[in-house]
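Each remark here refers to the structure printed beneath this line.
The values are calculated or read from the model by the stated rules, or taken from the named source; none is laboratory data. No experiment lies behind these values; they were computed from the predicted model shown. Here Cβ is always computed from backbone atoms with ideal geometry, including for glycine, and neighbour counts include all displayed protein chains. What goes into the accessible areas is simple: the full protein's heavy atoms, side chains included, and nothing from ligands, DNA or RNA. Shrake-Rupley method; radii C 1.70, N 1.55, O 1.52, S 1.80 Å.
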Amino acid sequence: MLHLRHFVGRSTLRVLLLASASVLVAGAVVLATQADAAPAVQVSPAFASDRLSVEVVGTGSDVILIPGFASSREVWRAEADRLKATHRVHLVQLAGFAGEPWTHGDGPFVEPVIAELARYVREAGLQRPAIIGHSMGGMSAVMLAQRHPGLVGRVMSVDSLPFFSALFGPTATAESARPFAQQAAAGILAADEAGYRAGQERAAIGYSRTPATRTAMVDWSMTSDRHAMASAISDVMTTDLRPGLAAMTVPVWAVYAADADGGAPAAMADAMWTREYAALPGVRMIRVDDSRHFIMADQPERFAAIVDQFLAGAGAD
């Protein structure tokens, strides 16, 4: 989990933090609430990719879970264990993150992932699965629905924006964000091990209210490939999905966090998410209070209820 304090000035950093800047860089978390029984695990044998791997558990209607930046698929373990009795859950692990091998040097990250996700849906024979993505994974889910609308049933974007660099301000563009993206990528590659870890440990406090979650986030970040992280952050900060929102027909729920005690104030979070998703027809906006970026860890019961409503196609309070 990379923190922007390495790359931007303090005043800019504070603005980003207050506006849930943590959506730019998601670590990973092993949730404390897991089922006692070991899950029935199937690693898709027919699908081979150097961009991602997929673990499949459970039976029923299909749901794909995508983690965020530097995250392990374990970020979704509690949800997968909960859902597997009624759903076939596909837990994605992105190459280069949390110990997954990376073989692409400084090459592109996001577009190849979207192509491989689409290939997976086709080759696995999934019929318009639901897709839930956290942070960068949420951006990927929306991007997949834009590129391949016939493959996606519905999308839940968890504390994610269609253009992350909008956190720099309402006039930001992909081009104006490019120097910051280059600076972020260079900082990832240049940081020494000790300083890098210390930065992750300091930053984790802003990402979750749960101490165990913060520890796990740092661990997954430290086992991620730096070149993969640099490529990913550069792509994420310069990818603007807003121009394609108006034409989208796939239903989207945007779930976002607010926390009066160290996170994004509710009014600021409301303004940011409403503004950035304004062009998306029928988007369902759901704010989760008393949570930082890792909503599934900070408010697990509330998050589980929202997931159930989303998968059932129902409304939410």
**Item:** Solvent exposure ordering (accessible area, 1.4 Å, most first) of PHE180, PHE97, PHE168
**Value:** PHE180, PHE168, PHE97
**Item:** Solvent-accessible surface ranking, highest first, for ARG197, ARG122 at 1.4 angstrom
**Value:** ARG122, ARG197
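Hey, any idea what % of region 188-229's accessible area is carbon plus sulfur with a 1.4 Å probe? Mind showing how you got there, number by number?
Values: 1090 of 1880 Å².
The C+S portion of the solvent-accessible surface of region 188-229 is 58 percent.
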**Item:** Point-charge dipole on Cβ atoms (K/R +1, D/E -1) for region 224-280, about Cα centre, debye to 20
**Value:** 180 debye
**Fill in**
Along region 159-165, Karplus-curve 3J(HN,Hα) (6.51, -1.76, 1.60; θ = phi - 60°) to the nearest Hz, with x for Gly and Pro, reads 6, 9, 10, x, 9, 4, 6
**Message:** Charges on Cβ only, +1 for Lys and Arg, -1 for Asp and Glu, centred on the Cα centroid of region 247-317; of VAL288, VAL252, ALA271, which one is farthest towards the dipole's positive end?
**Reply:** VAL252
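So how strong a dipole does region 41-142 carry about its Cα centre when Lys and Arg Cβ are +1 and Asp and Glu Cβ are -1, to the nearest 20 debye? If you can, show how the numbers build up before the last one.
On the way: 9 positive and 11 negative charges, 72 e Å.
Using Cβ point charges on Lys, Arg, Asp and Glu, region 41-142 gives about 340 debye.
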**Contour minus Cα-Cα distance for ALA174 and ALA304 (0.36 nm per residue)** = 43.4 nm
**Message:** Given the whole protein assembly as supplied and a 1.4 Å probe, what does the accessible area of MET268 come to in Å², nearest 10?
**Reply:** 80 Å²
**Modelled label reach - ALA198, point 7 Å along Cα→Cβ, region 221-244 residues with backbone N closer than 11 Å** = none
**Request:** Note down the accessible area of SER176, probe 1.4 Å, to the nearest 10 Å².
**Result:** 60 Å²
**Complete:** With R₀ set to 25 angstrom, the calculated FRET efficiency between the beta-carbons of THR103 and THR223, to the nearest 0.05, is 0.95
**Message:** With the alpha-carbon atoms as the only input, what is the per residue convex hull volume for region 110-242 in Å³?
**Reply:** 128 Å³
